[in-house]
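Structure record follows, encoded as structure tokens.
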Amino acid sequence: MSDIIDVHTHYLPKIYTDALNRHIPGDPDGWPTPSWKPATTLNFMAKNHISYSLLSLSSPHFNFGDKAETLEIARQSNVEGEQLSIAHPDQLGYLASLPLPYTSESVAEIDWALKHRARGFTVPTNTRGIYFGTPIFDEVYQRLNDAHAVVALHPNQPAALPMNVNIDMPTPLMGFFIDTTMTFMNLLKYHFFDRFPDIQLIVPHAGAFLGILADRDATFVKEQYQSDMFAAMKHVYFDTAGAVFPRQLPMLMTLTDEKHILYGSDIPYTSATLSSQLLSVITNAEDPKADKKRQLVATAHKFDHFYEHFKKLQQVPMMLDMIVQMINGADILTPELKQEILTDNATQLFHL
């Protein structure tokens, strides 16, 4: 397959990384800020047969409390996104960033971006503790709705963190899933999907915790919010950024529309090597060589005692098991579903 579309991949404009260095000492979110240049994305695309990538900013959101700085980062990042899409029109597009929580300025940025090649928009789950879906942003939602815009959520560090627990755990490992899930519930509380039905929302990382919470929370949502959680999950889109096999994506597929699943690599925050491995689980699904791969892994396990004597090799058995599990989880991927996830769904959503 040579026409894969990547809807969740990041670029790092200098104005953004400079702001991170000024405001956040060390590793933002407890995760190293990767180096990036256009070749980073283009080389990954060439290696993995990806035909088109949609670039966006990641976390942390760039509002550090200075309005003028926030507006400048949004505009200059969007200008760079436009320049990249002009330089590589058949390979790169961008999702424009918004200077939230500044409402009128965000509406103005939407209007600017729509005239400057933006394929859609990216918004943080929260910015300085104000969550997407909150009515304070109604003017922004209405403009996005009027434009029938594609809007990709990206998790941010939760607005409040519990004290004295998991203080050394990087935010992307669990905090991102918490914030994404809380934001989706916030959207249900404020009837976002009923009031702004023409916003085409992408929920990242295969829906975070939504796949396991839907059955638990749907009744409460119905009774207290008068919202239909199951209908909302059929309405939105989800990307596959992260390790979604063997469990997460199969579970999500019981709750959402298969035509609403989109491929995402999450490079460069996820390394190119790991992202290639995760993608290969999808592209190699129903590979006639899969059984031979399992047999090879089983044979390799016969040498587990050998790995135990060499510190650098002690994780090999665990990695082998992970590969087998992920292959098994990908059994849900028929050729048709694989084609939809990797290509067709994004082609239709973004009119490519």
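The values are calculated or read from the model by the stated rules, or taken from the named source; none is laboratory data. All values derive from a computational prediction rather than experimental measurement. As a convention, Cβ positions derive from the backbone with ideal geometry for all residues, glycine included, and neighbour counts pool all protein chains shown. Remember, those area values only see protein heavy atoms, side chains included, never the ligands or the DNA or RNA. Shrake-Rupley method; radii C 1.70, N 1.55, O 1.52, S 1.80 Å.
General remarks:
- Antiparallel content of DSSP bridges confined to the chain, in %, to 5: 10 percent
- Under 5 Å from the amide H of V150 lie the amide H atoms of F121, Q200, each residue being 5 or more positions distant or on a separate chain, with H modelled from the backbone and absent for Pro and chain starts.
- Of K67/K115; K234/K338; K14/K259; K47/K234; K47/K338; K14/K115, pairs whose Cα-Cα distance is over 25 Å: K14/K259; K47/K234
- When only Cα pairs below 8 angstrom with a gap of at least 6 residues are kept, segment 52-117 shows a relative contact order of 37 percent.
- Taking segment 20-141 and dividing mean pair separation by its residue count, relative contact order in percent (alpha carbons under 8 Å, at least six apart): 22 percent
- Degrees, to the nearest 10: 67-87 long Cα axis against longest axis of the chain: 60 degrees
- Heavy-atom surface of segment 1-88, accessible at 1.4 Å and reported per residue (Å²): 42 Å²
- A cut-off under 10 angstrom between Cβ atoms defines the neighbours of L342, and their net charge, with Lys, Arg +1 and Asp, Glu -1, is -3.
- Within-12-Å neighbourhood charge of L12 [Cβ basis; K, R +1; D, E -1]: 0
- Taking only protein heavy atoms and a 1.4 Å probe, the accessible area of segment 88-231 is 53% carbon and sulfur.
- Counting only DSSP beta bridges with both residues in segment 74-159, the antiparallel share comes to about 20 percent.
- Cα centroid of segment 145-222 to Cα centroid of segment 57-117, whole Å: 22 Å
- FRET efficiency, 1/(1 + (r/R0)^6) with R0 25 Å, evaluated for I130 and R216 via beta carbons: 0.40
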